[in-house]
Amino acid sequence: MEIKKVGVVSCGVMACGIAQVCAQSGYQVTISSRTNDHLSKGLASISNFLTKGIERGKVTQEEKDSTMARIRGTTNTKDFSDCDLIMEAAVENMELKKKIFTELDKICPKHTILATNTSCLSVIDIAMVTSRPDKVMGLHFFNPVPLMKLLEVVTTIATSDETLETGKTFGKSLGKTIVLAQDTPGFIVNRLMVPFLLNAIRMLDSGVATREDIDTAINLGLNHPMGPLILADLIGLDIVLFIANAIYEELKDPQYAPPALLTKMVTAGWLGRKTGKGFYDYK
């Protein structure tokens, strides 16, 4: 199936990044939010990102203008009725995602593929609230979407071969490198990354090394672009905690059990860069 029109549900950081790369790749994009204010802020963030690209010589003014012209904002879910592929990028809440997919299933034509950007929730659980589980899949992008080259294409036991191939072709058209993952907790990247981050937090909490030495050791010893504690701050400690808990609930594997220090920091509102304080102080 050929994809011409793309929908993006939500207008947060991930959703705006997805909308931007789709529009830059030539797709007509409809992006939604519950409020006009949030929608305006999201569209402004896309514009600002492209402006920075112009300043760095990565994007031309003409490319920015054509990209923005392909993006239409809406607060009405019914405006997704002409989309060939819709990507949901709402917060990681299963009941919310089920509500969104139930609504989309009623609005969209039978050929429309429905995808979720969830990083850890069960895709089949989401798919089964629709009448088209064969056309539901995971398309897990990474933040920041315009810069990160990877796309995890997640298939359930119900995803059809045609849907899978369309998803792969679509991802490649965005300039992404595709990896295929089964519908298991954390897929590939988070399944491997979460224990890495949690162990770094445990090492810090037990006094094995300082935060700086842990991060420097990984940065230089393993040639990672940033250490695990800085990375956790960048992701958001609340998100790290949510993903860890979600995987632990499914697998009951103790390596995914969140350390007490992580839980306490989230309780205190120390969520990393977005709040100005995490393992490091960003104020």
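The values are calculated or read from the model by the stated rules, or taken from the named source; none is laboratory data. None of these values were measured; they are calculated from a predicted model. Every residue, glycine among them, receives a Cβ derived from its backbone with ideal geometry; neighbour counts consider all protein chains shown. The accessibility values were calculated without ligands, DNA or RNA, using every heavy atom of the protein model including side chains. Shrake-Rupley method; radii C 1.70, N 1.55, O 1.52, S 1.80 Å.
Assorted remarks:
- For Lys277, residues with placed amide H under 5 Å, excluding near neighbours: Leu271, Gly272, Tyr282
- With both residues required to sit in region 135-283, DSSP beta bridges show an antiparallel share near 50%.
- With a Förster radius of 41 Å applied to the beta-carbon distance between Ala44 and Lys252, the computed FRET efficiency rounds to 0.40.
- Under 15 Å, Cβ to Cβ, from Ile230 - net charge with Lys/Arg +1 and Asp/Glu -1: -1
- Antiparallel content of DSSP bridges confined to the chain, in %, to 5: 20 percent
- Each peptide in 86-94, 269-277 was scored by the mean count of other Cβ atoms within 10 Å over its residues; highest first, the order is 86-94, 269-277.
- Packing rank of 57-67, 107-117, where each peptide gets the mean count of other beta carbons within 10 Å, highest leading: 107-117, 57-67
- Heavy-atom surface of the chain, accessible at 1.4 Å and reported per residue (Å²): 48 Å²
- Between Thr169 and Asp37, the contour length at 0.36 nm per residue exceeds the Cα-Cα span by 44.1 nm.
- Carbon + sulfur, % of accessible area of the chain - ligands and nucleic acids excluded, 1.4 Å: 55 percent
- With contacts taken as Cα pairs under 8 Å and at least 6 residues apart, the chain reaches a relative contact order of 13 percent.
- Placing a label point 7 Å from the Cα of Asp213 along the Cα-to-Cβ direction, the residues of region 220-261 with a backbone N closer than 19 Å are 220-223, 227-230.
- Reported label for calculated Cα Rg over 2.2 N^0.38 Å given (1) 1.18; (2) 1.03; (3) 1.08: (2)
- Nearest-ten-degree value, helix 36-55 long axis tilted from longest Cα axis of the chain: 80 degrees
- Degrees between helix 237-251 axis and first principal axis of the chain (Cα, 0 to 90, nearest 10): 80 degrees
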